[in-house]
Amino acid sequence: MRHKRAFTLLELLVVIAIIAILVAMLLPALGTMRMSAQRVSCQSSMRQLTGAIFAYAADNDGQVPYCNWNNSVDDNSQYCKGWLFATAQYRVNYGLPVLNGPWLGLAHPPQEGSMTGLIWPYVHDLNVYHCPIDNPQFWTGTEWLTSYLFNGAECGYGSWGYSTPGIKLGQVKSPSTGVVLWEALEQRYEGQQNTGAVWNDGSSYPGEEVLADRHYQGANLSFYDGHVEWWGTSTWTSWVAAGNFTLN
């Protein structure tokens with residue numbers, strides 16, 4: 001009788017070791033592909049939001065939607081409807097539900113947030129407002145509404161007061177370098193130290209709310225000529241230090 005030869009234990013261990021090596025070689029590549037896809041998805045969202053901002057401007061004599069500078073959801077400023085949300089005074093004026101306090105969260109549905117913003121009619125997709133890997137664990141304020149912040153230069157960082165809704169597209173000196181939106185770092189805690197941002201409006205100083213680091217230690221920005229770029233955090237820091245965030 002002829003006996004079939006079986007694998008020895010040593011041969012099985014060798015095969016298992018080869019498979020383990022191949023898996024170890026493939027996992028980093030798969031991780032990189034996944035991160036690249038997330039970065040592209042985020043860039044697509046930012047393009048859609050920026051395109052919506054431009055579409056609003058085209059329908060309003062070139063006026064860029066108000067950036068919600070220093071707006072909390074319960075204030076009563078003159079220009080109280082911005083790109084991201086409408087404030088309490090606007091709601092009162094137009095018979096809409098009023099939020100209970102300045103902080104947004106799970107208790108407030110999207111109808112009380114992004115859907116009241118000036119660009120919502122051009123977007124109609126709540127998923128666009130967040131980066132797919134923005135971590136909601138420590139979200140507070142308008143971080144519940146978006147991963148992105150509007151460059152407060154749109155209204156002169158508040159120095160123009162509330163007598164004007166802000167800049168028009170034709171006033172932007174250099175559209176290819178003028179930042180519209182940037183991907184801000186969400187609030188995080190490492191031990192007891194807060195290492196991220198906390199905001200309750202729709203815009204900020206680029207030097208105040210730092211650039212996120214979720215895409216290869218960097219994040220995405222959009223510009224007034226419509227393009228989107230990825231910057232590393234060191235590039236962002238140098239750009240802010242050089243004072244390059246003005247528009248006109």
Residue span Asp125 to Ser159: 0.36 nm per residue of separation minus Cα-Cα distance leaves a gain in nm of 9.0 nm
To the nearest 0.05, what FRET efficiency results for Trp230 and Ile18 with a Förster distance of 35 Å applied to their C-beta separation? 0.40
Using a Förster radius of 25 Å, what is the FRET efficiency between Met115 and Ala55 based on their Cβ-Cβ separation? Nearest 0.05, please. 0.90
Obtain the nm distance between the two label points defined at Tyr205 and Ser44 by a simple spin-label model: each point lies 7 Å from its Cα along the Cα-to-C-beta direction. 3.7
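Given axes a ≥ b ≥ c from the Cα gyration tensor, I'd like to know whether segment 200-248 is rounded (a/c under 1.5), prolate (a/b larger than b/c) or oblate. All intermediate terms of the calculation are to be shown ahead of the outcome.
Numbers: a/c = 1.27, a/b = 1.18, b/c = 1.08.
Rounded is the answer for segment 200-248, as its axis ratio a/c remains below 1.5.
Read-outs throughout are calculated quantities, based only on the coordinates presented, and are distinct from any laboratory measurement. Being a predicted model, the structure only gives us computed values, none of them experimental. Virtual Cβ from ideal backbone geometry, glycine too; neighbours counted across all protein chains shown.
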